[in-house]
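Down below is the structure, laid out as structure tokens.
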Amino acid sequence: LIEAPESLPSRMQRLRSRLSGSGSLGRAIVQILSRGELKATDWEEIEDTLLIADLGLDATDELMSRMKERVAIAGASDSNTIRTFLAEELLALVDENLDRSLHLDKQGENGELPATILMVGVNGTGKTTTVGKLARVLVAEGKSVLLGAADTFRAAAAEQLSTWGERVGVDVIKSDREGADPAAVAFDAVKQGAMRAVDVVLVDTAGRLQTKSTLMEELGKVKRVMEKQAPVSEVLLVLDATTGQNGLKQAQVFAEVAGVTGIVLTKLDGSAKGGIVVSVQKTLGVPVKFVGLGEGADDLAPFDPRSFVDAIVN
Ligand code: GDP
């Protein structure tokens, strides 16, 4: 009797529990590669590990063949050498020389218009929290900031944003009416931003994904209306690192609709799925600019490929 190959979901399940036990993706791989004489099953194990960490098929193949080559050429099995190889190859995959800065020059002929940031993403990914944290980062850089609560669908969303506004000391433009036109709120926020001569207007939006076309209509309109005053400087897509391949599909929809210029990957704390950084950059061709590392006001960090890789392999 030939045993049927284990199904992918079951393999994933088994490995997921093992991964969470071993702690770090890098450590798991270094452990396997340090076994010395490597068998096909060892490489399969590495492949599974990378796929579970959401690195994606292409990047997994690429990393596997680079590591095979380097391990073979060096004839190495000591864990330090292997860790160095892995760090270098991961860095090459993650870094890609992408520009991760925010472009927030003031606009208009005489700099009389604010830079604008449009935040998009599915509800629950951490969008509103990220708006608050990002406002905090900008204020710490000495910028004046105004928030726009264009998620008018849920009354609680504007309230939540107001709480963040108070916490970080910035004003929030919102509508008194639940269900108001989000584009009108966004327009008003930019207009108020210009009148108050603030540096940056940050607009929070709703992320109802019930159908692609309503989302497209609503977000498209918000962006168009903002651009009646000044081009949108940055469109940041907020993506939950724990949602894996589903998150990637969402990302594609938003990129299509809103022309995303950067990604904020939230909930990277407590996720063994850091590979999503690589797959989302490859899928969208857009850099991860910030990562969310917790629920607190200071838990947003600029994404730094080198420290990210260090955290994975050590
Ligand atoms: P929104 O619906 O996209 O606006 O999402 P919220 O901002 O309301 O966030 C949803 C939940 O995720 C809240 O409980 C947040 O505290 C939590 N959250 C947001 N960002 C992070 C993060 O980086 N790490 C963790 N652990 N939780 C986060």
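Each value in this text was obtained by applying a stated rule to the coordinates, not by laboratory testing. The model shown is predicted, which means the values in this text are computed figures rather than measured ones. All Cβ positions, even for glycine, are placed from backbone atoms using ideal geometry, and neighbour counts span all protein chains on display.
Applying both filters, DSSP loop and at most 10 other Cβ atoms within 10 Å, to the GluC sites (Glu not before Pro) of region 95-124 gives GLU109. What the Kirkwood sum gives for region 63-163 is a hydrodynamic radius of 18.0 Å, with every pair of different alpha carbons counted.
Derived value for the chain: Kirkwood hydrodynamic radius 20.9 Å. Basis is the mean of 1/r over every pair of different alpha-carbon atoms.
Using the Cβ-Cβ distance between ARG35 and ARG100 with R0 = 35 Å, the FRET efficiency computed as 1/(1 + (r/R0)^6) comes to roughly 0.45. Computed extension gain for ASP78 through LYS228, at 0.36 nm per residue and net of the alpha carbon distance, reaches 48.0 nm. Suppose R0 equals 30 Å. What FRET efficiency, 1/(1 + (r/R0)^6) with r the Cβ-Cβ distance, do ALA92 and ARG167 give to the nearest 0.05? Efficiency, rounded to the nearest 0.05: 0.15. A straight line joining the Cα centroids of region 26-52 and region 166-232 runs 47 Å. Within a straight-line Cα-Cα reach of under 18 Å, LYS39 can be paired with the following lysines, leaving aside sequence neighbours fewer than 8 residues apart in one chain: LYS68. Values of log10 I(q)/I(0) for region 112-252 across q = 0.15, 0.17, 0.20, 0.21 Å⁻¹ run -0.67, -0.87, -1.20, -1.32, by the Debye formula with one identical scatterer at each alpha carbon and no solvent.
Take the alpha carbon gyration tensor of region 194-236, find the square roots of its eigenvalues, order them as a ≥ b ≥ c, and report rounded if a/c is under 1.5; if not, report prolate when a/b exceeds b/c, else oblate.
prolate
Amide H contacts of GLY148 (H built 1.01 Å from N, in plane; Pro and chain starts excluded): ILE173, LEU202, VAL203, ASP204 sit under 5 Å, all sequence-distant by 5 or more or on other chains.
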